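Remarks on the structure that follows.
The values are calculated or read from the model by the stated rules, or taken from the named source; none is laboratory data. Quick caveat, the model's predicted, so the values are computed rather than measured. Methodologically, a virtual Cβ is constructed for each residue, glycine included, from the backbone with ideal geometry; neighbour enumeration extends over all protein chains shown.
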Ligand SMILES: Cc1cc2nc3c(=O)[nH]c(=O)nc-3n(C[C@H](O)[C@H](O)[C@H](O)COP(=O)(O)OP(=O)(O)OC[C@H]3O[C@@H](n4cnc5c(N)ncnc54)[C@H](O)[C@@H]3O)c2cc1C
């Protein structure tokens, strides 16, 4: 009998987050032969979202629709997902290691009386065992874990496992189950979004991050220009956030966001260990710093020793002439 793996999808502003598709690819890596069941919980438009999960590799999908699922609450989503788990009795569960994933999955694992392997960055099958790799000590080392008993329940780091190609010819069953989401102790009355433009930092393929070397809020403007040209997002070191050059929501590092873009451009960032904890797994790192001894060069694939106020305008001019897809 083949395994059944539940993939808990995540919806943001009416659309599935990319990490939902990456979680499907991760489920395939756990077991190529498994039946993958996508789970979408929301208050609306579930059919389309469930269909997208199938296009990206799920074999079928289960939806839970309820007005109390309009905004995320751990109790509401917990009740919805637990009901699906109860109906489906999966052999494994996968979700994205996002802020919602980080909040929801430990609570679910505790209810299910099983372990949780969080922030998985690699999945390998070794004989009959599935080996999960995850960073520890702020990314300075990696540990490999196997599940010896209980339900494998993992969260996967965004931007780390390549999603499968979208195939609109795929079809599968979509089933809605009725769950009475009730007795919520937390009710979200209103979501006030920070005015943010462009690409979401945690899912960006390109990040231009500024540090204290950028020197002011105005100094960040060219970084936004460069990020725009590259289809990316702007991030920051804590040094820059502490100095009030930008908002803390941009902070990358041990106490900020952990990112793994294809390209990370560190501008005027010294490369403190706490900053590296959030970005050192980026695929290609470019560092721009006037100090040739700066620690950031120890993790950089390409280094530019120079004044960022000269280098960034040159890069902007250069990228204006390049079509970035
Ligand atoms: C518990 C704890 C948690 C922390 N968590 C985080 C975290 O999550 N993220 C984080 O980033 N930090 C974190 N920190 C802070 C961290 O230790 C550093 O203080 C911080 O990362 C430094 O920021 P920075 O590199 O921007 O500033 P600096 O260390 O001041 O570096 C500025 C760099 O800019 C360069 N520079 C200056 N002018 C120019 C110029 N014109 N052109 C080119 N280069 C220039 C300088 O050579 C220097 O290398 C944490 C610290 C602690 C204790």
Within region 229-252, identify whether any single residue is without any contact (Cβ under 8 Å) to a residue 60 or more places away in the chain, surrounded by 14 or more Cβ atoms within 10 Å (Cβ to Cβ) and out of contact with any strand residue (DSSP E or B) (no Cβ under 9 Å at 6 or more places or on another chain), and answer yes or no.
yes
Can you pull out every residue in region 43-63 that is at pLDDT below 95 and surrounded by 19 or more Cβ atoms within 10 Å (Cβ to Cβ)?
46
Conditions (1) without any contact (Cβ under 8 Å) to a residue 60 or more places away in the chain; (2) in contact with a helix residue (DSSP H, G or I) (Cβ under 7 Å, 6 or more places away or on another chain); (3) crowded, with 22+ Cβ neighbours inside 10 Å: number failed by residue 213
(1)
Which one of the conditions (1) without any contact (Cβ under 8 Å) to a residue 12 or more places away in the chain; (2) surrounded by 17 or more Cβ atoms within 10 Å (Cβ to Cβ) does residue 121 fail to meet, given that it meets all the rest?
(1)
Are any of the residues in region 83-97 crowded, with 21+ Cβ neighbours inside 10 Å and in a helix (DSSP H, G or I)?
yes
Restricted to region 127-177, and to residues that are under 21 Å from residue 54 (Cβ atoms) and out of contact with any helix residue (DSSP H, G or I) (no Cβ under 8 Å at 6 or more places or on another chain), which residue is surrounded by the fewest Cβ atoms within 10 Å (Cβ to Cβ)?
169
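For region 230-249, which positions are part of a helix (DSSP H, G or I) and either modelled with pLDDT of 95 or more or within 12 Å of the ligand (Cβ to nearest atom) (or both)?
Once the filter is applied, which keeps residues that are part of a helix (DSSP H, G or I) and either modelled with pLDDT of 95 or more or within 12 Å of the ligand (Cβ to nearest atom) (or both), region 230-249 yields 238, 239, 240, 241, 242, 248.
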Can you tell me which condition residue 218 does not meet? The list is (1) surrounded by fewer than 15 Cβ atoms within 10 Å (Cβ to Cβ); (2) within 16 Å of the ligand (Cβ to nearest atom); (3) farther than 28 Å from residue 313 by Cα, and all the others hold.
(3)
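Which is in a loop (DSSP other than H, G, I, E, B) and farther than 17 Å from residue 6 by Cα, of 138, 149? Spell out how you get there, then give the answer.
On the way: 138 fails: in a loop (DSSP other than H, G, I, E, B).
Exactly one residue qualifies, and that residue is 149.
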Candidate set from region 258-305 (those that are within 8 Å of the ligand (Cβ to nearest atom) and assigned to a loop (DSSP other than H, G, I, E, B)); member that is farthest from residue 316 (Cα to Cα)
272
